[in-house]
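The structure appears below as structure tokens.
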Amino acid sequence: MSSSLALDQVTVTGRLEAVTAKLNRGGIKAICGPNGAGKSTLLSVLAGLLAPDAGCVRLGAAQVDRLPAAERARQLGYLPQAPEIAWDVSVETLVSLGRLPWRGAPASEAQGAIDAAIAAMDLERFRHRPVTRLSGGERARALMARVLATRPDWLLADEPLANLDLAHAATLMRRFREQAQEGRGVVLVLHDLATAMNHADRVLVLHHGRLVADGPPGHALSESVIREVWGVEARWLGEPGARALAIG
Amino acid sequence: MTRKPTLLLVCALALAVPLSLLAGRVWIDPFDPQTRNAAVILLQLRLPRAVLALIVGGGLGTAGAAMQGYLRNPLADPGLFGVSSGAALGAVLSFWTGYAASVYLLPVFALIGAGGAMALLALIAGRDGGVALFTLAGLMIASLAGALMSLAISLSPTPFAMSEIVTWLMGALADRSWREVWIAAPLTLAGVAVLALVARSLDALTLGEAAARSLGVEPRRLQALMIVGVGLTVGASVAVAGIIGFVGLIVPHLMRPLTDRRPSSLLLPSALAGALLLLLADVLCRILPLAGGELRLGIALSLIGAPFFLHLLLKMRRGSV
């Protein structure tokens, strides 16, 4: 039940180099790094969508890229960067797509999961609304609800806060926190270091495909790490939990 | 939500099929059994033709809905695959070589052409399972087959063969018999069954390729099944009826707003509506008085389809599809 995700010397030629880390469920993990550092690649590897050229990813005892596709899909929920929705489906239909890996499960169970996901993302009012008539923030929540409807052990999201305004980003982070408190593993690729600093329990910093820092945010995103990895002089301001980054 | 349009379409078909049998150059009055040769006209001419319209229309409608779902594009058409061009090329070669004189060999040639196009498509695109390479490969095959067809026409051994080819390419259900039904029915049914198998994967693709894979879709398996499913339905339809365009494009469009818009909910209504559209269009071709024979079905559908396509493009520009 408490299956952890373990990266062992994971290498993807030209993108990741010998990344080793063990992620336990509960708590929010953030993957940070400059553009091109390998953040999305690492998340794809964790999600079992990309097989590493060397090393392996284990979910509990099983190797992720060797799991049967449906089994993997039931355990690892993945939200890609800039997700698309090809057809103008309703929110409820969109969320129901999260049940696809559970072929053969009773309909009542499916409906229960869909309802719970819609409630968890506070989308009750939009249940029957076509997705093209949602705001960016509502759409992001609907896509998140789709991942939740699968009831995965892990939520892996690639820059889920991109293009969201402050209020919607804060709401979504709160939802991620709730999911982590329920015992799910939450791994987010985050561009905004202040968000990672304030909301993550553990931060993994990638630089040129290597894991250069891994630990609590105060340690992994220290001013010296930021100087070394991002190449900017930066200073953390404010209190823990409400920090802001001053650059220059 | 899909139950209602499905039910309506079934009722419409239940009405349209018997009525279509009565219409034609000779109108048959069901209350006046005096019409000469009524039984022969009904059982040997019109019934196979109606059944063929249902099979071909149903197949093309399903293939179109599946293609649009697979390519995540409302402008996709089964013709994009290159399979119909491959089948047409096969048929043209049967005219060219004279084998078309044997009634069984024309569809066999067409099916070989379709199979060749499918194999080529799988060979080029099958490695990575991606949609972009696949679309380009399909377009390449379609244009190559089109060029070879033109070459064959321009080098026709006799003017008669040339006129045969050109007429055949226009697509029609005229003068078809039970023989064509027996060729098309099993292949189309098999193709539709394969497409029904991938319906859930097509739903997952609504969220894009990466998310679909994370939901357990295996892209290479999906692509292989798409090639087989569309190849069988479209190949069979070209083999017995020639090239009939626009059904696979228009029908899923008309049906989509009546469903919850998931690709899987669209397959059955598109099959039924495709069958209905082709049946009605074929009746129209039969009863329109035209000097020198009847209107070709392929032409009639393109005449309806082209303005519809334009309407669709304009609507998409306004962002309301």
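The values are calculated or read from the model by the stated rules, or taken from the named source; none is laboratory data. Only a predicted model underlies this, so the values are computations on that prediction, with no experimental measurement involved. When we count neighbours, we look across all protein chains shown, and the Cβ atoms used for this are built from the backbone with ideal geometry, even at glycine.
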### Task
Quick one: in region B:201-216, of everything that is without any contact (Cβ under 8 Å) to a residue 60 or more places away in the chain and more than 7 Å from chain A (Cβ to nearest Cβ), which residue is nearest to A:Arg74 (Cα to Cα)?
B:Ala212
### Task
Go through region A:131-169 residue by residue and tally those that are at pLDDT 90 or above and more than 22 Å from B:Arg261 (Cα to Cα).
11
#### Entry: In region A:1-47, the residues that are within 28 Å of A:Val232 (Cα to Cα) and part of a loop (DSSP other than H, G, I, E, B)
A:Thr13, A:Gly14, A:Arg15, A:Gly33, A:Pro34, A:Asn35, A:Gly36, A:Ala37, A:Gly38
### Message
Condition first: closer than 29 Å to B:Gly235 by Cα and in contact with a Lys or Arg (Cβ under 9 Å, 6 or more places away or on another chain). Can you find one or more residues in region B:4-20 that meet it?
### Response
yes
### Query
In region B:204-223, how many residues are of a type in the set (D, E, K, R) and over 27 Å from B:Ala114 (Cβ atoms)?
1
### Query
For the subset of region A:102-145 comprising residues that are of a type in the set (Asp, Glu) and either within 20 Å of the chain's Cα centre (by Cα) or within 22 Å of A:His168 (Cβ to Cβ) (or both), which member is surrounded by the fewest Cβ atoms within 10 Å (Cβ to Cβ)?
A:Glu124
## Note on the structure
For region A:69-118 the number of residues that are out of contact with any strand residue (DSSP E or B) (no Cβ under 7 Å at 6 or more places or on another chain) and either part of a helix (DSSP H, G or I) or more than 8 Å from chain B (Cβ to nearest Cβ) (or both) is 34
### Query
Just for region B:85-102: of the residues that are aliphatic (A, V, I, L, M) and surrounded by 23 or more Cβ atoms within 10 Å (Cβ to Cβ), which one is nearest to B:Glu164 (Cα to Cα)?
B:Val92
### Message
Which condition from (1) crowded, with 18+ Cβ neighbours inside 10 Å; (2) over 30 Å from A:Arg58 (Cα atoms); (3) not aliphatic (A, V, I, L, M) is the one that A:Arg175 breaks?
### Response
(2)
### Task
Hey, could you check region B:42-75 for residues that are assigned to a loop (DSSP other than H, G, I, E, B) and in contact (Cβ under 8 Å) with a residue 40 or more places away in the chain and say which is farthest from B:Leu279 (Cα to Cα)?
B:Arg72
### Counted residues, region B:217-252 - those being closer than 18 Å to B:Gly138 by Cα and facing chain A (nearest Cβ under 7 Å)
0
### Message
Can you name every one of the helices (runs of 4 or more DSSP H) wholly within region B:131-231 that holds 1 or more residues which are under 30 Å from A:Val147 (Cβ atoms) and out of contact with any Asp or Glu (no Cβ under 9 Å at 6 or more places or on another chain)?
### Response
B:131-154, B:178-197, B:199-205, B:209-214
### Task
Can you tell me which residue among A:Ala149, A:Ala117, A:Ala169 is under 29 Å from A:Gly33 (Cα atoms) and touching a residue at least 12 places away in the same chain (Cβ under 8 Å)?
A:Ala169
### Message
Among the residues that make up region B:103-117, is at least one of them touching a Lys or Arg at 6+ places or on another chain (Cβ under 9 Å), surrounded by fewer than 19 Cβ atoms within 10 Å (Cβ to Cβ) and not hydrophobic (A, V, I, L, M, F, W, C)?
### Response
yes
### Query
Going through region B:207-228 one residue at a time, which ones are at pLDDT 95 or above and under 24 Å from the mean Cα position of the chain (by Cα)?
none
### Query
Yes or no: B:Leu267 at pLDDT 95 or above, within 14 Å of chain A (Cβ to nearest Cβ), surrounded by 24 or more Cβ atoms within 10 Å (Cβ to Cβ) and assigned to a helix (DSSP H, G or I)?
yes
### Query
Looking at B:Pro257, B:Pro186, which is the one that is within 14 Å of another protein chain (Cβ to nearest Cβ), over 26 Å from A:Arg74 (Cα atoms) and without any contact (Cβ under 8 Å) to a residue 60 or more places away in the chain?
B:Pro257
### Task
Filter region B:101-115 for residues that are in a helix (DSSP H, G or I) and either touching a residue at least 60 places away in the same chain (Cβ under 8 Å) or within 18 Å of the chain's Cα centre (by Cα) (or both) and give the result.
B:Leu106, B:Pro107, B:Val108, B:Phe109, B:Ala110, B:Leu111, B:Ile112, B:Gly113, B:Ala114, B:Gly115
### Task
Scan region B:244-254 and give yes if some residue there is of a type in the set (Gly, Ala, Ser), crowded, with 16+ Cβ neighbours inside 10 Å and not in a helix (DSSP H, G or I), otherwise no.
yes
### Task
Mind listing whichever residues of region A:29-63 are hydrophobic (A, V, I, L, M, F, W, C), in contact with a Ser or Thr (Cβ under 9 Å, 6 or more places away or on another chain) and within 14 Å of another protein chain (Cβ to nearest Cβ)?
A:Ala47, A:Leu49, A:Leu50, A:Leu59
### Task
List every residue pair whose Cβ atoms lie under 6 Å apart, where the two residues are 6 or more positions apart in sequence or sit on different chains, the first residue falls within region A:214-232 and is under 12 Å from A:Leu245 (Cα atoms), and the second residue, located anywhere, is of a type in the set (Asp, Glu) and at pLDDT below 95.
none
### Summary
Note on A:Arg66: of the conditions (1) at pLDDT 95 or above; (2) within 14 Å of chain B (Cβ to nearest Cβ), unmet is (1)
### Message
Based on this model, can you work out whether A:Arg227 counts as under 15 Å from the mean Cα position of the chain (by Cα) and either in a helix (DSSP H, G or I) or surrounded by 18 or more Cβ atoms within 10 Å (Cβ to Cβ) (or both)?
### Response
no
### Query
Checking A:Leu156 against (1) farther than 25 Å from A:Arg177 by Cα; (2) of a type outside the set (Lys, Arg); (3) facing chain B (nearest Cβ under 10 Å); (4) assigned to a strand (DSSP E or B), which test does it fail?
(1)
